[in-house]
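Take a look at the structure set out below.
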Amino acid sequence: MKFSTKEDVKAPIEAVFDMLCDFESFERSAMRRGAEVQRVDTMPKPGVGMTWNAVFPLRGKRRELTLEMVSFDRPNEMVIDSMSQGLAGQMSFELMSLSRNSTRVLVALEIKPLNLSSRLWVQSLKLAKTTLNKKYKERVADYARGMEERHARGIQA
C-alpha cells in the first residue's frame, strides 16, 4: 500500500533539506506521543547507515520498529526503510528546487505486509484508503507550512 503527496515550500532547497534532517526533533516528537526512540548508530552527521529503534503502543500492543537510512543525497533525496514484526516500510523524501526560494517536496510512504495477519490489516487499511490518503496529505501539508514558518523566523531573527 502506498501513499504519496507533494508540497511546495517557500524556502530554499538546502534549508528544507536541513529541516528534514533535524532527526532530534522527530525523536522528541515521537517520545511526546508515547514512543521510546533510541538512535543506534554512532555517525557524527546524517548519512546512509543511520539507525533507530523505536517501541510504541498501537492498538493495545507493544510494537517494535527499526528504521535505517538507506539513501542520503543532499539536498535531493532521503530514503528511510523500516521493519517491524510483519511489516516492511519505506519513506522517501525527494526535493526539487523550483526557484531560489521555493522547493517542491515529494513524500512517499509504502508499507508491505510480511505475514498473513499483516496482510489482513493492510487489506483493512485499503478499505479506508480515501480517508487515510486525505489525512496523510493534510499531515504533510501541515508539516510543510511549519517548515515555511520556521524558515521565515530564521530569516527575521
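Annotations
- Approximate spin-label separation Met31-Tyr136, in nm, with each point projected 7 Å along Cα-to-Cβ: 2.9 nm
- Across the range 49-54, rounded Karplus estimates of 3J(HN,Hα) from the backbone phi angles (6.51 cos²θ - 1.76 cosθ + 1.60, θ = phi - 60°) give x, 4, 9, 10, 10, 9 Hz, Gly and Pro being marked x.
- Sorting Phe56, Phe17 by accessible area puts them as Phe56, Phe17; the probe is 1.4 Å, largest comes first, and only protein heavy atoms count.
- Residues with amide H under 5 Å from that of Met50, placed H, sequence gap 5 or more: Met69
- Computed over the chain: relative contact order in percent, which uses C-alpha pairs under 8 Å that are six or more apart: 27 percent
- Rolled with a 1.4 Å probe across the full set of protein chains, the surface gives Val107 an accessible area near 10 Å².
- Nitroxide proxy distance, nm - points 7 Å out along Cα→Cβ at Ala108 and Met91: 1.6 nm
- 29 Å Cα-Cα threshold exceeded, pairs from Lys112/Lys134; Lys10/Lys112; Lys61/Lys129; Lys6/Lys129: Lys10/Lys112
- Label-point separation, Lys126 to Asp8 (7 Å along Cα→Cβ), nm: 3.5 nm
- Per residue, the accessible area of the range 1-97 comes to 59 Å², computed with a 1.4 Å probe over protein heavy atoms only.
- Span from the the range 16-66 Cα centroid across to the the range 96-121 one, whole angstrom: 17 Å
- Accessible surface of the chain, 1.4 Å probe: 53 percent of it comes from carbon and sulfur atoms.
- Phi to ³J(HN,Hα) by Karplus 6.51 cos²θ - 1.76 cosθ + 1.60 over the range 59-74, Hz, x for Gly, Pro: 6, x, 10, 7, 10, 10, 9, 10, 10, 9, 6, 10, 8, 8, 10, 5
The values are calculated or read from the model by the stated rules, or taken from the named source; none is laboratory data. Here the structure is a predicted model, which is why all the values come from computation and not from measurement. With ideal geometry, Cβ positions are generated from the backbone for all residues, glycine too; neighbour counts draw on all protein chains shown. Ligands, DNA and RNA are stripped out before the accessible areas are found, and what is left, the full protein with its side chains, is counted by its heavy atoms. Shrake-Rupley method; radii C 1.70, N 1.55, O 1.52, S 1.80 Å.
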